[in-house]
Amino acid sequence: MSIGLIALLDNIAGLAKVAAASLDDVTAQAARAGVKAAGVVIDDTAVTPRYVMGFKASRELPIVGKIALGSLKNKLLFLLPAALLLGLFAPWAITPLLMLGGAYLCYEGAEKVFEALSPHGAHEHEAEVEGQPVSPQAFEDQKVRGAISTDFILSAEIMAITLGTVPEASFWAQAVVLAAVGTGITALVYGAVALIVKADDAGVALACNERPVSSILGLRTLPAGTPPTGSDRALAGMTRGFGRGLVGAMPVLLQTLAIVGTAAMIWVGGGIILHGLEEHGLAGPGHAVEAWSSAAGHAVPALGGFVEWLVSAAAAGAFGLLLGGLLIPAVHYGVVPLLKAFRRR
């Protein structure tokens, strides 16, 4: 074998090692970014199921699929290139855009609180802002659009957190990390949402299944009249009881998730605004929240970290609720009439 060929192979081996090291580095960076974005991921998972509540069981998974596809488009087609371009040419614009999205989350969350306190007034406001859907399909489309809009803001926060974990990486490494985190988080969130919204159907199937072993917990269809085996009879009591418990627990879980999702929107939105104000020289509110949370943590040293987080989240939520409450009349009496006047031109 010639010396030149040996040198070429050696160079190829060296490049392969560099590429492998780079891939390992990108994988590690994506994992770190995903961990840092975990808080927003939990919020996103809590927010989404409320958009599926109230629909027929046959429409639940298709609606989750539509929202998941919209979420993936949000991350990969819009937010990923926008984040990279803003990071290169206008990094100063990232925080104001996130603050605008945070204000939208506060508004959405405050709307849900308003709906709980005054259903009639909230219905009039929603009809004024979004219009009245004229068919079940229009209602479904409206809910899907609302879910994708909310997901866009939460996804923007996820992508911003991700980009912030790899500031020194190359342009293409940042792109790969953003794509990996965006795709992985979308699969995780909407896979969990699909399991949540179909858990009651799974519970019904288990509660009615007298042959859990033969049918592999309902995954295999058996011929009509197939008698239960001894294993079926031994396990049926447990699986049917579990199914009944699952059916009974799901309404409570979904209602809890609806409350948590609303609180998450207000908390995340308020936190984004407070952080943005600090970056723009208005650090007073943020420093006040930090002082309160620190004092509360020192007051309960055994649970210091948790108490600090709880007070900080509650303060951000209170701020977000106040801001969202102010935005409701501003949108109703200011933004909507202006948009209608503009459309009539």
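The values are calculated or read from the model by the stated rules, or taken from the named source; none is laboratory data. In this text, all values refer to a predicted model and were calculated from it rather than measured experimentally. All Cβ positions, even for glycine, are placed from backbone atoms using ideal geometry, and neighbour counts span all protein chains on display.
At a glance:
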item: Identity of the residue in region 270-310, within 28 Å of Val193 (Cα to Cα) and out of contact with any Asp or Glu (no Cβ under 8 Å at 6 or more places or on another chain), that ends up surrounded by the fewest Cβ atoms within 10 Å (Cβ to Cβ); result: Phe306
item: Some residue of region 283-292 being in a helix (DSSP H, G or I), within 30 Å of Glu124 (Cα to Cα) and touching a residue at least 24 places away in the same chain (Cβ under 8 Å); result: no
item: Count of residues meeting criterion [surrounded by fewer than 23 Cβ atoms within 10 Å (Cβ to Cβ) and hydrophobic (A, V, I, L, M, F, W, C)] in region 161-196; result: 16
item: Long-range neighbours under 8 Å by Cβ, at least six apart or interchain, first residue farther than 17 Å from Glu115 by Cα within region 322-339, second of a type in the set (Ser, Thr, Tyr) and assigned to a helix (DSSP H, G or I); result: none
item: Matching entry among Leu254, Leu277, Leu326, Leu322 (being modelled with pLDDT under 90, part of a helix (DSSP H, G or I) and either touching a helix residue (DSSP H, G or I) at 6+ places or on another chain (Cβ under 7 Å) or under 23 Å from Ala103 (Cβ atoms) (or both)); result: Leu254
item: All positions within region 221-241 that are exposed (fewer than 14 other Cβ atoms within 10 Å of the Cβ) and under 33 Å from the mean Cα position of the chain (by Cα); result: Gly241
